[in-house]
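Structure, as structure tokens:
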Amino acid sequence: MRLSIFDIPDDGLQQELVLPIAINDSAKPDMAHVFLKVFRFGKKILVEGTLKISVSLNCSRCLREFSYPADTAFREEYKPAEEIKEEDDQELTEQELDLGYYSNDELDIPEIIKEQVILSIPMKPLCNTDCQGICPKCGKDLNDGTCGCKEEETDQRLAPLSKLKELMKDRGTS
Ligand SMILES: [Zn+2]
Ligand SMILES: [Zn+2]
């Protein structure tokens, strides 16, 4: 769904949307409930809104899929991408890097929402803060109970140390 910036009235545009959002190409889409207000100041567009979605994520410890509820409010400015080309030789200020861009006088609403969803989910999602993860030896999901690898636990604890030693050695030779 694309919104032509010329369709934004002077007093802004309000929209309530339900959009399928897939956070990456392999993910199956989840429905986002969005309330949007879009304002135009010349070529500068201000988008503010709220967003609710249950995102299907894979736990970073046990890899199980779980549902992460995201409920967020956002406010973002967008400038025409064509303007960057004109200012090519100028360095972008930090503030400008924070801006979003649109092209061909159109705002890509699903893309804007997708960005906001990605910003609102954790970098290392956990199905549960107490998630036990999987055993690095046998691959068993330790949330289902312990496995038979317990005797090797001491080796596992020393593993980071030997890795560090290896790193130091590598550094010394290079
Ligand atoms: Zn987990
Ligand atoms: Zn195991």
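Structure above, values below:
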| quantity | calculated |
| --- | --- |
| Matching entry among C131, C127 (being in contact with a Phe, Trp or Tyr (Cβ under 6 Å, 6 or more places away or on another chain) and modelled with pLDDT of 95 or more) | C127 |
| Of all residues in the range 104-120 being loosely packed, with under 14 Cβ neighbours inside 10 Å and among the hydrophobic types (A, V, I, L, M, F, W, C), the one that is farthest from F66 (Cα to Cα) | L119 |
| Residue count, the range 121-152 (criterion: over 16 Å from F66 (Cβ atoms), more than 10 Å from ligand 2 (Cβ to nearest atom) and buried (at least 17 other Cβ atoms within 10 Å of the Cβ)) | 0 |
| Residue that is surrounded by the most Cβ atoms within 10 Å (Cβ to Cβ) [pool: residues in the range 62-84 that are basic (K, R) and part of a strand (DSSP E or B)] | K79 |
| Some residue of the range 36-45 being farther than 14 Å from E115 by Cβ and in a loop (DSSP other than H, G, I, E, B) | yes |
| Subset tally (residues that are within 13 Å of ligand 1 (Cβ to nearest atom), over 12 Å from the mean Cα position of the chain (by Cα) and part of a loop (DSSP other than H, G, I, E, B)) for the range 103-134 | 8 |
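Residues checked against (1) out of contact with any Asp or Glu (no Cβ under 7 Å at 6 or more places or on another chain); (2) surrounded by 14 or more Cβ atoms within 10 Å (Cβ to Cβ); (3) at pLDDT below 95:
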| residue | (1), (2), (3) |
| --- | --- |
| M1 | yes, no, yes |
| Q14 | yes, no, no |
| I23 | yes, yes, yes |
| K28 | yes, no, yes |
| V38 | yes, yes, no |
| G42 | yes, no, yes |
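The values are calculated or read from the model by the stated rules, or taken from the named source; none is laboratory data. As the structure is a prediction and not an experimental result, all values here were calculated from the model. All Cβ positions, glycine included, derive from the backbone under ideal geometry; neighbour counts span all protein chains shown.
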